[in-house]
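The values are calculated or read from the model by the stated rules, or taken from the named source; none is laboratory data. Keep in mind it's a predicted model, so treat the numbers as computed, not measured. When we count neighbours, we look across all protein chains shown, and the Cβ atoms used for this are built from the backbone with ideal geometry, even at glycine.
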């Protein structure tokens with residue numbers, strides 16, 4: 001739809017499964033840590049579990065890293 005190749009697109013997400021799927025289609029990936037997204041009892045997606053292109057603590061950190 002945008003006329004871009006998968007490698008020209010990045011999925012930024014706090015869920016490892018979403019990133020794994022995006023990566024399987026050739027997209028770049030960024031894990032944004034959100035350990036309390038579902039409250040203090042969250043047990044999944046507390047940390048990056050894949051070989052993602054970026055692992056950051058927030059979208060602002062991702063922006064800084066993309067610009068550097």
Does residue 62 fit the bill of being modelled with pLDDT under 95 and either within 16 Å of residue 9 (Cβ to Cβ) or surrounded by 13 or more Cβ atoms within 10 Å (Cβ to Cβ) (or both)? no
Of all residues in the stretch 38-56 being in a loop (DSSP other than H, G, I, E, B), surrounded by 12 or more Cβ atoms within 10 Å (Cβ to Cβ) and touching a strand residue (DSSP E or B) at 6+ places or on another chain (Cβ under 9 Å), the one that is modelled with the lowest pLDDT: 45
Condition check for residue 1: without any contact (Cβ under 8 Å) to a residue 40 or more places away in the chain, surrounded by 12 or more Cβ atoms within 10 Å (Cβ to Cβ) and either in contact with a helix residue (DSSP H, G or I) (Cβ under 8 Å, 6 or more places away or on another chain) or part of a loop (DSSP other than H, G, I, E, B) (or both): no
